[in-house]
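Visitor: Quick one: this structure, given as C-alpha cells, is what I'll be asking you about.
Nothing in this text is a laboratory measurement; each read-out follows from the coordinates by a stated rule. These numbers were taken from a predicted model, which means no experiment stands behind them. All Cβ positions, even for glycine, are placed from backbone atoms using ideal geometry, and neighbour counts span all protein chains on display.
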Amino acid sequence: MPIDTLIFDQGGVLVWTRWDNVTTAWAELRHTTPQEIMDRMLKGDAYAPFMRGEIERAEFRERMCAHLDIQQTIDEFDELWRSAIEPNPDIVPLVESLSSRYRMVIGSNTDELHQQRVESVQPIIATFDDFLLSYELGVLKPDPEFYEKGLAKLGLTPDQCFFTDDRQNNVDSAISVGIQSVRFESVPQLETALEALGVSCSGV
C-alpha cells in the first residue's frame, strides 16, 4: 500500500530542544554544573510522568523544584522550561510542500508546556492534521505501545505510514511495529529518504 501519512517527531526535527537554556540557569541557582542538573532532572519523578500526562503542571513544578532544590515563581519556572524550545526554520519548506499532498501527523514525546511553546515559535505546526503526543497517549517513545496507540487513533495500518525521528531507538521501535522509518539527520537527507520510498518532495 502506498504511503499516504507522514509522521514527524518534533524535538530535533521540527524544532530544536536546547536543554542548556534550562540547565544552565538552574545550575547557576544551585552552584553546580548543567550536566548535573540534567542528570538529576532525568532521574527524578517529575519529567517522565509529566510527559506521560500522569501529573498536572502544578505538581510537575512542585516535584521538579523539590528534586532540584530550587525556588522559582510559577511564571519564572514556566518561562524557563518553555525556553528549551527553538524553531528549526530549515524544515519549513519541506513540510509546506508535503502538506498539500499527504496527511501530516506529529508523533512526539512532549508535555503541555513545551507543546504551547512549539506551537508559538513554529507556525508550520498548524499545517499538521493530527497529533500523537505522549502526554495525551499516556506512553513515551520508544515503547511500541506509543505507535500502536497512535495507529489506532489515526485509524491506519503501519504500511500506510512513514515516520522520522532524530533518535535511532525511536526509529527502531517504529520499524518493529511495521512503520517505514528513517532517522532524521538533515532536510536534504530526509528528502532523499522520502523520495526513495515514493514520497514526492517536488516543489521544495
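Visitor: Search the structure for amide H atoms under 5 Å from the amide H of ILE85, placed 1.01 Å from N in the peptide plane, and list their residues when 5 or more places away or on another chain.
Guide: When sequence neighbours closer than 5 places are left aside, the close amide H contacts are ARG18.
Visitor: Shifting gears a bit: Over the chain, what is the relative contact order in percent, taking alpha-carbon pairs closer than 8 angstrom and at least six residues apart?
Guide: Taking the mean separation of contacting Cα pairs over the length of the chain, I get 27 percent.
Visitor: So, one more: Along the range 142-149, what does the Karplus equation 6.51 cos²θ - 1.76 cosθ + 1.60 (θ = phi - 60°) give for ³J(HN,Hα), rounded to whole Hz, x for Gly and Pro?
Guide: These are the phi-based 3J(HN,Hα) values: x, 4, x, 4, 4, 6, 5, 5 Hz.
Visitor: What number results when the radius of gyration of the range 19-83, computed over Cα atoms, is divided by 2.2 N^0.38 Å?
Guide: 1.01
Visitor: Given the convex hull over the Cα atoms of the range 1-146, what projected area results after averaging over all orientations, in nm²?
Guide: 9.3 nm²
Visitor: Still on this structure, I have one more. Using amide H atoms built 1.01 Å from N in the peptide plane, name the residues 5+ places from ASP166, or on other chains, whose amide H lies under 5 Å from its own.
Guide: Amide H to amide H, under 5 Å and 5 or more residues apart or across chains, ASP166 pairs with PHE184.
Visitor: With θ set to phi - 60° and the Karplus curve 6.51 cos²θ - 1.76 cosθ + 1.60, what are the ³J(HN,Hα) couplings of the range 48-64 in order, to the nearest whole Hz, using x for Gly and Pro?
Guide: Here the 3J(HN,Hα) series is 4, x, 5, 5, 8, x, 7, 10, 7, 4, 5, 5, 4, 4, 4, 5, 5 Hz.
Visitor: Amide H to amide H, which residues 5 or more places from LEU132 or on other chains are under 5 Å from it, using H placed in the peptide plane?
Guide: For LEU132, the qualifying residues are ILE106, GLY107, SER108.
Visitor: If the only charges are +1 at each Lys and Arg Cβ and -1 at each Asp and Glu Cβ, what is the size of the charge dipole of the range 1-134 around the Cα centre, to the nearest 20 debye?
Guide: In debye, rounded to 20, the range 1-134 gives about 220.
Visitor: Starting from the Cα-Cα distance between SER99 and ASP159, subtract it from 0.36 nm times their residue separation and give me the gain in nm to one decimal.
Guide: Taking SER99 through ASP159 to full extension adds about 19.7 nm, to one decimal.
Visitor: Karplus couplings for the range 7-14 from phi (6.51 cos²θ - 1.76 cosθ + 1.60, θ = phi - 60°), rounded to Hz, Gly and Pro as x?
Guide: 10, 10, 5, 9, x, x, 10, 7
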